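Here is the structure we will look at, set down as structure tokens.
Coordinate-derived values only; no laboratory data. A quick note: this is a predicted structure, and the numbers were derived from the prediction, not measured. Here the Cβ positions follow ideal geometry from the backbone for every residue, glycine too, while neighbour counts run over all protein chains shown.
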């Protein structure tokens, strides 16, 4: 969504009571690229908010709500493969069906849409999804009820004969390797205003 905005662009955020609050987009934070700086159009007050919080809001420009669309794209990559073979010709044959592919560099000007049919993209990439469950529980004093917290995770891993960690057990992917997780715990930090709480029981209902 942020690629849509330029510094100084004005937008509105729908508030919990249905009213609209206008802001100017000032850009990403220099100290933390995960945060952006916005400025109240009415008061000129500036505040720094997380990109996560921003993506949760109902954002409007000239009365039209911004939405996230998924568009398939394709591009070319050039790389050099190291192949062991009996001849260059054999190596070239192997390269034509090489797997896995080596890391490469983007070929300038090669970016294009993988599909030009809007109806197809709407059906197969942007079909309506089940709504996320409503978020319950007490809120921060700023009105937000989402917080950064901590959680202990237990994952299947790969080790060597000396019991040294080598990698995660499933496709070397931590998310796929988690076998058990504990209950989240504090301190809890509001994703909107940054206020910190030791316990969620300290929050207002």
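Any residue in the range 101-128 that's within 11 Å of residue 71 (Cα to Cα): show its pairings with residues that are not in a loop (DSSP other than H, G, I, E, B) at Cβ separation under 8 Å, as long as the two are six or more apart or on different chains.
Every condition considered, the pairs that remain are 112/73; 112/74; 113/73; 113/74; 114/73; 114/74; 115/121.
What are the residues in the range 33-49 that are over 15 Å from the mean Cα position of the chain (by Cα) and loosely packed, with under 13 Cβ neighbours inside 10 Å, if any?
The answer is 42, 43, 44, 45, 46.
Of the conditions (1) within 30 Å of residue 171 (Cα to Cα); (2) exposed (fewer than 11 other Cβ atoms within 10 Å of the Cβ), residue 52 fails just one. Which one is it?
Looking at each condition in turn, residue 52 falls short on (2).
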